[in-house]
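Read-outs throughout are calculated quantities, based only on the coordinates presented, and are distinct from any laboratory measurement. None of the values given here were measured: they were computed from a predicted structure. Every residue, glycine among them, receives a Cβ derived from its backbone with ideal geometry; neighbour counts consider all protein chains shown.
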Amino acid sequence: MRSTDTETDTDSMPFPPTSRSTPTGVASPTRRLATSCILSGLLLGLLPAATGAQQSSAAPPGPESPRPHVLLLTVDTLRADHLSIYGSKQPRTPHIDALARRGLLFEDALTTIGKTGPAFASAFSSLHPPTHGARRNGVPVRDDVPLLAEILAQNGYRTAAFISNWTLRDHLSGLARGFDVWDEDFSKRRYGVGPSERRADSVIAATVKWTKKAAASPGPLLIWAHFSEPHTPYDEHDGFRFRVEPGERRTPQVAKRLRYASEVAYTDAKIGELLRRLESHIDLDRTLILFFADHGESIGEHDYWGHGRNVHWPNLDIPLAIVGPGVPQQRRSTMPASIIDVLPTVLGALRIPAPEAIEGLDLLQHWQTPDDARQRFAVADRSTALFEKAKEEYADPLQIAMQTRSVKTIFDFDMRQTRYYDLRRDPLELESDINPPLELKPPLRRRLANWYRGLPKHDADEGPLSEEDRKQLESLGYTGGR
Ligand SMILES: [Zn+2]
């Protein structure tokens, strides 16, 4: 029997056996499987069970206490299931695990779109891409949309961002608004061919240098440090090399997956280094830290390598952890979370009113009362403004999706087809069913269509792309209409 999107008893449902793992053994097959392992006690020792005794939470800031620093730690293109705290066997990610263990981890978090600029625009505006206007990389967020850094700056924060992905450059993303310092120095390039990705060492050095100086004066800081190592092209790092599983052949695809795992493990070590160095300048126990990714990465699933061109789980599932004053410690939540929850969660923790038009939730208010039927939405849009005809001929996105804990509904605009996935029976989204029971199909299709039709849609103007922008976006794989 198929599940419905209104059922609530998700945790009692068995998940498919773990034998459906990816052939490399690099990571557990899905974040959802990892979750089931955790819930069934197979990963005991990583964290207390979600039903265990409440751990003490760090004291929330009182009405008179100074506002805490805010640290946004983000990793580009990081699949949740490649973190050991989400069940990965290889790579191990001890630093991210240790950070998440200090706070509240969301087991089921989704992005709104598998593209860097648009996804961060969702995090910092709490709006979906059709509404905030940054539908593609290279299209900046609308300039009348309030952004997190802007709101914090208005509330006494000194703000700085250290970005590492070319698509986040201000003239392409519009996300520098509200930051006193917007460091988009791409002179330390990872690859000789182009500076599209900035090295982690460069991000760390700049972040620590600014923080050291800023922390010498009183007042709260907003620091955003962004790492891009897991973004294609994948590199293999010394000290973080992984071998094929016994009996497994090292095919080009397996080797590619191992290189992605190496990037993730290396980034984890760099996050550990950044936190160690920041500790010398700010009290991290009194800092509100959000760790998340902008989107995931398809490493061969659904015959696709990359991100952004479909709305399946490898693209959408992201890690999300919150740590800091007033945040529960050593807890996991099954609350269906979205990247659009970042802005209201930060503002809620700081007791700053959120803009009226937001679409997300304050997760610190909702984490204990999971709404398993919460509908989260996502889009996959044409690649970039590089595709000259995108705007005129392809006003619609490629796909749109609506997801609860149990059911995913996808509408593909090119194929004019609605597909349904029973996530409890088919967490890998392999067996689409275009003919679910009649009682299920019309409401889901209607809700998804109503969401998309009802969205206030605003196309932001595409900024002029220089030849250098075109080259760098192309080197990151953002070309073509599909
Ligand atoms: Zn990205």
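Tabulated results
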{"quantity": "Highest average packing first - 101-108, 243-250, 70-77, Cβ atoms within 10 Å", "calculated": "70-77, 101-108, 243-250"}
{"quantity": "Point-to-point label distance, Lys209-Arg276, nm (Cα→Cβ direction, 7 Å offset)", "calculated": "2.1 nm"}
{"quantity": "Potential extension, Asp414-Asp170 segment - 0.36 nm per residue separation minus Cα distance", "calculated": "84.7 nm"}
{"quantity": "Neighbour-count order for Ser187, Ser202, fewest beta carbons within 10 angstrom listed first", "calculated": "Ser187, Ser202"}
{"quantity": "Mean Cβ count within 10 Å, highest first, over the residues of peptides 111-121, 89-99, 138-148", "calculated": "111-121, 138-148, 89-99"}
{"quantity": "Convex hull projection area averaged over all views, region 245-335, Cα basis, nm²", "calculated": "8.6 nm²"}
{"quantity": "Solvent-free Debye scattering, log10 I(q)/I(0), computed from the Cα coordinates of region 165-284 at q = 0.18, 0.19, 0.22 Å⁻¹", "calculated": "-1.01, -1.08, -1.28"}
{"quantity": "Förster radius 45 Å - calculated FRET efficiency between Ala255 and Ala357, Cβ distance, rounded to 0.05", "calculated": "0.45"}
{"quantity": "Diffusion constant of region 76-161 at 37 °C, which comes from Stokes-Einstein with the Kirkwood Cα-pair radius and 0.692 mPa s, µm²/s", "calculated": "219 µm²/s"}
{"quantity": "Peptides 228-237, 251-260 ordered by average Cβ neighbours within 10 Å, highest first", "calculated": "228-237, 251-260"}
{"quantity": "Cα-based shape type of region 69-109, given that a ≥ b ≥ c are square roots of the gyration tensor eigenvalues and the cut on a/c is 1.5", "calculated": "prolate"}
{"quantity": "Glu431 paired with Arg445, simple spin-label distance in nm, labels 7 Å along Cα-to-beta-carbon", "calculated": "2.2 nm"}
{"quantity": "Residue pairs, from the table Lys89/Lys256; Lys115/Lys256; Lys115/Lys457; Lys115/Lys471; Lys209/Lys270; Lys256/Lys408, whose Cα atoms sit over 24 Å apart", "calculated": "Lys256/Lys408"}
